[in-house]
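This report refers to the structure that appears directly beneath it.
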Amino acid sequence: MSSLKGLNRWVTLPSIWAGLIGVLLAVVYVAFTAEIRSGTRWQFAVILGVVVLVANLLGDSFEQSRLKTLKGLGLGTESQTRENLMKALVEASRIPDTVFVSSMAFWVVGAFTVGLVYSLLPGVGWSEGSRLAFIGIALGPLVSVLAHLTVLRRVRDVMSRIAALGLTTGDLVRALPADRYQLRRRFVLFMAVSAITPLVFLCDLGARTAFALLDALLKTTDAAAQQGVLASAPAAGVVPLAVIAGLTLVVVISCGWIGGRSLGEPLQLITAATQRIADGKLGKSTMIPAEDELWGVSAAFASMEHQLLTALRQLKDAGVKISSTTEELISSSLKHEAGAADQTGALSQTSATTEELARSAKQIAQNASDVSRQAQAMLDSAQHGKRSAGAFYASILRVREGNQAIADSVVRLNKRVQQVGRIVEFIDGIADKSDLLALNAELEGTKAGDVGRGFSLVAAEMRRLSESVMASTREINRLIEEIRDATNAAVMATEAGVKATDAGSALARQVTESLDRIVDFANQTSDAVKAITLATHQQQAGTDQLATAMSDILRSTQNALGATAQMSSANADLSTLSGELQKTVSRFEVAP
Amino acid sequence: MSDAQRGHLVFACGSSLYAVPAERAAEVVSLPQLTRVPGAPPHLLGVFAHRGEVIPVIDMGVLVGTKGEATSRRAVLVRVPRGSLALTAGRVAGVSTLTGELTTPLGSSGVQAHLRGPAKAPSGEVAIIDPEGMFELLSKGA
Amino acid sequence: MSAAERPSPEESQEIEGLVLCRVGENHIAFPAAAVGSIDQWEPGGVPAPQSRVAFGLPVVAGKLLVRGGFSLVVDGLEIVTDRAKLLPVPAMLLGAVGGALRGFVQPAGSLVPLLGLAEFSAFVTRGAH
């Protein structure tokens, strides 16, 4: 931004004007009091012009060298960082004093130079030159003061503009610490200059007039001429005196006016700002440029406004937060109350449950001991059963052995019976064949008639024999069948017996296994019973603890209820407070 | 000597007793496994070889119509001039002298026509078989 | 075989070459010359006289014997090439099997009726009566 463009030049411009006014005053004074030899006026003018020009140039360049950052910002060669702005600010703040000093210096040097150079002109003596120098030196302070004051106004403007580009109150205070309280010194200086310069001029003028009068008196020996000189002396001296005095007065009064304004402006601005704040318009605090003590006031005021703004913003935020927090608190305290009521209800239930727990624990302990007794009884009977099963198994084994013996016997018997059967079959076959033979013999005998009768009888006898044999074999066969049946029955019985013993031994095994399981179970049961008893004890202990804890909870719940009530009233107060706070804060229009 | 004097061979077949004239009864044999003849009538149980001769085996019980004696081990070998046959027998009583009706046919046609009786034997009531007649009958029926 | 061909009881002939057929538990035999061809037969095949009918047995699959215009189904058969003694038909059975009975042979010791294929085939066709 080029709002700072050319400010470096603009700010020092008044010093030039002040200088020129000084030169004018000097010229007037010189015109009235100094002797410029005729013929040397042009030289004097040239010398004066050159010196003035050179002094201005040099002075200007010196002053500009003190405004590098400001120039750079104006031209855009420097970036508008806060550091640069602050640097420019500091440069600008120092310019009035710089201007004063440089003005003084250049006036002194310039006056000397003019006097010196003029003295060097042919026909001009040192006294004229020294007189010129004196005049310049005498005017120097006043002109410097004027330059200072005029530049000061512009400097304040420039500082405002720089500050407006983005410097906070903090930046300003940091850049220009309000610790140079030199107002008194300046005032004294200003008073001195304002007083002494006219005095000097007046003294000088008076002295010169007196000396001129004296010279004129001394020159004339005539009393009448002396009187004439004396009479015209005041008149001759009045006009220059008046003019000089008038001009000096004008300058002094101008300086006073400017100075006074420069003192008064900041105070007015501060007053206005204070009123603004009192009215509640807290806005962005703008910089009120000032120097020395006034700057102290301005800086302090700006800080105060800034703090106030911050505080009010915080208050506003706090107010809002408090309000919302209060609502939350109220709602949570309501919930809390409800929760506390629930808690009380739950607690009474819990205490009922705890009593039941205690009862059931007793019951469990009772049952556990019953179970333990039963488990023991079961264990005893299981072990008894195991012994019986063992005995049974042993007897089964014996039976099996017996069965085996029977089976073996039966097998042998069957073999014998088979043998007998075969023999009997054989006999039967023979008997049958015999019978057949006998039959056929009988038949042939019969056919032979008488001859064969005896034959037939023998045959018949043989037949009877065979038949009895066959009857016997039939009997034997029947017996064999009976034996077979019996042995079959025995075999079947044995098989059944074997099956039975197998079944029996399987059963015995099962029984033993079952009994083992029962024993295990009994053991487990007694372990479990022990565990239950232990747990019951623990539970009792736990129940007691629970009861204690519950009464604690009940107490603390009641406390909580009381606290809740307190909290409700506190919340109400808080609500009221926050409302009041908001009302107070709302009086201030805080720009965001 | 007449048939009656010479005696009869009495045997049981099923629940009945039969008698064959002794001179016609050649032998009492023990039956082996019989060979069945295709298309044979039910009373012809089969044939068997006896002394190089093929003998047909008849079950009188089946022929008569009563319970047969198919599983018997014995048969009475009957020889007639035309040929031989064997009659299955359960039990052979032996040669006996019969009394009663010796020539009266038991029926007018069929098998009964060739059975004479009722005769009496020591073992019970018998039906006397006429061997030649029965043979002729069986030859036709085969 | 005509009556002249049938061996008398006194004479015993021999026959060379038999077709020994199995019908259920029973056996029948034919002269080897009597059989022309042998084929497989199953129930539902060509209609042919069933030897099983003659024994009162149910019909099953078996072998089909063919000679000339005659055929017969038997369960199984084997050819016996040895000379076998031929026993004459007993007098009582001269008319048996519709005249197909020609004698009895004993190829393995047991008695087997020797039949004529054509006559037996016709006998079975008639209904085995």
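What to note about this one:
- For segment A:228-336, averaging the sequence separation of C-alpha pairs within contact (under 8 Å, six or more residues apart) and dividing by the residue count gives a relative contact order of 18 percent.
- Sorting A:Thr501, A:Thr536 from the fewest to the most surrounding beta carbons within 10 angstrom yields A:Thr536, A:Thr501.
- Residues A:Thr310 and A:Ile196, FRET efficiency given R0 of 51 Å [Cβ-Cβ distance, rounded to 0.05]: 0.55
- Peptide packing: for B:36-45, A:423-432, A:4-13, the average count of neighbouring Cβ atoms within 10 Å per residue gives the ranking B:36-45, A:4-13, A:423-432, highest mean first.
- Magnitude of the charge dipole, segment A:443-523, Cβ model with Lys/Arg +1 and Asp/Glu -1, debye to 20: 380 debye
- Choice from B:Gly117, B:Gly46, B:Gly107 with maximal GNM fluctuation in chain B (Cα, 10 Å cutoff): B:Gly107
- Theoretical gain in end-to-end length, A:Arg174 to A:Ala541 [0.36 nm per residue, Cα-Cα removed]: 124.9 nm
- Across chain B, the mean sequence separation of Cα contacts (distance under 8 Å, 6 or more residues apart), normalised by length, yields a relative contact order of 26 percent.
- Beta bridges by DSSP in segment B:3-141, antiparallel share as percent, to the nearest 5: 90 percent
- Projecting label points 7 angstrom from Cα along Cα→Cβ for A:Asp222 and A:Glu401 puts them 19.9 nm apart.
- Ordering of B:58-64, B:128-134, A:446-452 by packing [mean C-beta count within 10 Å, highest first]: B:58-64, B:128-134, A:446-452
- Our summary of shape: the Cα atoms of the protein assembly as shown have principal axis extents of 260, 86, 47 Å, ordered from largest down, in whole angstrom.
- Segment A:7-290: C-alpha pair distances exceeding 24 Å, %: 59 percent
- Helical contribution to [θ] at 222 nm, DSSP H n ≥ 4, -39,500 (n - 2.57), averaged over chain A, rounded to 500: -33500 deg cm²/dmol
- Each Lys and Arg Cβ is given +1 and each Asp and Glu Cβ -1; about its Cα centre, segment A:1-121 then shows a dipole of about 180 debye.
- The length gained by stretching the chain between A:Leu120 and A:Ala570 to full extension, at 0.36 nm per residue less their Cα-Cα distance, is 152.4 nm.
- Restraint check, A:Lys386/A:Lys499; A:Lys321/A:Lys583; A:Lys71/A:Lys281; A:Lys362/A:Lys530, Cα-Cα greater than 26 Å: A:Lys71/A:Lys281
- Under the Debye formula (equal points on every Cα, no solvent term), log10 I(q)/I(0) of segment C:13-126 at q = 0.17 Å⁻¹: -0.76
- Among A:87-96, A:195-204, the order from most to least packed when residues are scored by Cβ within 10 Å on average: A:87-96, A:195-204
- On Cα atoms only, tilt of A:7-33 relative to the major axis of chain A in degrees: 10 degrees
- Averaged over the residues of C:114-127, the number of partner chain Cβ atoms lying within 10 Å of the residue Cβ comes to 1.
- As a ratio to 2.2 N^0.38 Å, the alpha-carbon radius of gyration computed for segment B:3-141 takes the value 0.96.
- Fully extending the segment from A:Gln275 to A:Glu513 would add 74.8 nm, taking 0.36 nm per residue of separation and subtracting the current Cα-Cα distance.
- Spacing of the two label points (7 Å from each Cα toward its C-beta) at A:Asp527 and A:Asp450, in nm: 11.5 nm
- Chain A: angle of helix A:126-164 to the longest principal axis, Cα-based, in degrees nearest 10: 30 degrees
- Peptide-level mean, for B:45-55, of C-beta atoms on other protein chains within 10 Å: 4
- Each of A:Gln419, A:Gly140, B:Leu138 was placed along the dipole of the protein assembly as shown (beta-carbon charges, centred on the mean Cα), and the one lying farthest toward the positive end is A:Gly140.
- A Förster radius of 41 Å combined with the Cβ-Cβ distance from A:Leu13 to A:Ser127 puts the calculated FRET efficiency at roughly 0.65.
- Applying 1/(1 + (r/R0)^6) with r as the Cβ-Cβ distance of A:Ala341 and A:Asp370 and R0 = 41 angstrom yields a FRET efficiency of 0.40.
- Averaged over peptide A:430-443, the number of partner chain Cβ atoms lying within 10 Å of each residue's Cβ comes to 4.
- Straight-line reach from A:Lys335: taking Cα to Cα under 15 Å and skipping same-chain neighbours fewer than 8 places apart, the aspartates and glutamates in range are A:Glu327.
- 28 Å Cα-Cα threshold exceeded, pairs from A:Lys447/C:Lys85; C:Lys63/C:Lys85; B:Lys67/B:Lys120: A:Lys447/C:Lys85
- Helix C:117-126 vs. chain C, principal-axis angle (Cα, 0 to 90°, nearest 10): 60 degrees
- Distance from the Cα centroid of segment A:496-567 to that of segment A:106-177 is 109 Å (rounded to whole angstrom).
- Convex hull volume of the C-alpha atoms in segment A:318-590, normalised per residue: 285 Å³.
- Within segment A:380-527, the proportion of C-alpha pairs whose separation exceeds 25 Å stands at 61%.
- Taking label points 7 Å from Cα along the Cα-to-Cβ direction, A:Val250 and A:Gln558 give a separation of 9.9 nm.
Values quoted throughout were computed directly from the atomic coordinates according to the rules given, and no laboratory measurement underlies them. Note that the structure is a prediction, hence the values are computed from the model and not measured. Cβ atoms come from the backbone with ideal geometry, glycine included; neighbour counts cover every protein chain shown.
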